[in-house]
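Some notes on the structure that comes next.
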Amino acid sequence: MRGELVLSTSTLLGFLLTLVRVSGVFVFVPLPGVTSVLSPARIILSLGIAIALFPEWPHVAQNPSAGLFVLWILVETALGVGIGLSVAFLTEAFSVGAQAMGLQMGYGFASTIDPNTQVDSSILIVFAQVAAGLLFFASGLDREILRIFARSLETCPAGSFAVGRAAAGQVLALGSNMFATGLRLALPVIAVLAMIDISLALLGRVNAQLHLITIAFPVKMIVGLALLGWLALLFPVLIRAGADATLRAAQTLIAR
């Protein structure tokens, strides 16, 4: 007796809407070594997660109009992108801090290929992005995002999501907090390097025969690396603190 796999139109539409919602977040979620665009790895991962959420697929009317279905697609994309941005703001704070530190340490002159964007970037920015991506998975934030997705399919079925002022405000607040966190991360390094610059300037003022310009860059680079190694101990603490705000913003998005 031959078995046939028959999927109703309602099931297919529910799968498509779930896939769109999941794909929206994976445009921004940091995956170490995977480009930020919709690469095959992100597409396969989105398909796998959408299939794993099969028990939570929404029940869709059998014959929605084309205009209504396009509107649902846009709404689901907005929800996925909102959650993805909340996560991206958390990890981009490390890039902002690395950019500020790299300019003061002299590493702005050294560039390498960023595996996420495939363009030239400062080596400290690449280090910060890889570290943030690894800490994202090590802290279990990926599992929390999956739980939020499963919860969103219960609280916000297909076509019922609406962007509220409170939810949009929290996402925007995370964007501003990204710069504040990056600046706080870089301030200790910037302060110490500024003191080194002042000290070398005073020594050069006392004795004009000293050619301190030749040792300024090596000293700043070595001291900056030592401070960066000390700050690396604070990365997990920053991830955990930022994850709380990120999860609150994501839960606000799906709250009814």
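Please treat every number below as a calculation from the coordinates, not as lab data. The structure presented is a predicted model; accordingly, all values stated were derived computationally and were not measured. A quick note on method: Cβ atoms are made from the backbone with ideal geometry, for glycine too, and the neighbour counts reach across all protein chains shown.
Each residue in HIS59, HIS211 was given a count of other beta-carbon atoms within 10 angstrom of its own, and listing them fewest first yields HIS211, HIS59.
For ALA191 and HIS211, what is the calculated FRET efficiency with R₀ set at 25 Å and r taken between the beta-carbons, to the nearest 0.05? Calculated transfer efficiency: 0.45.
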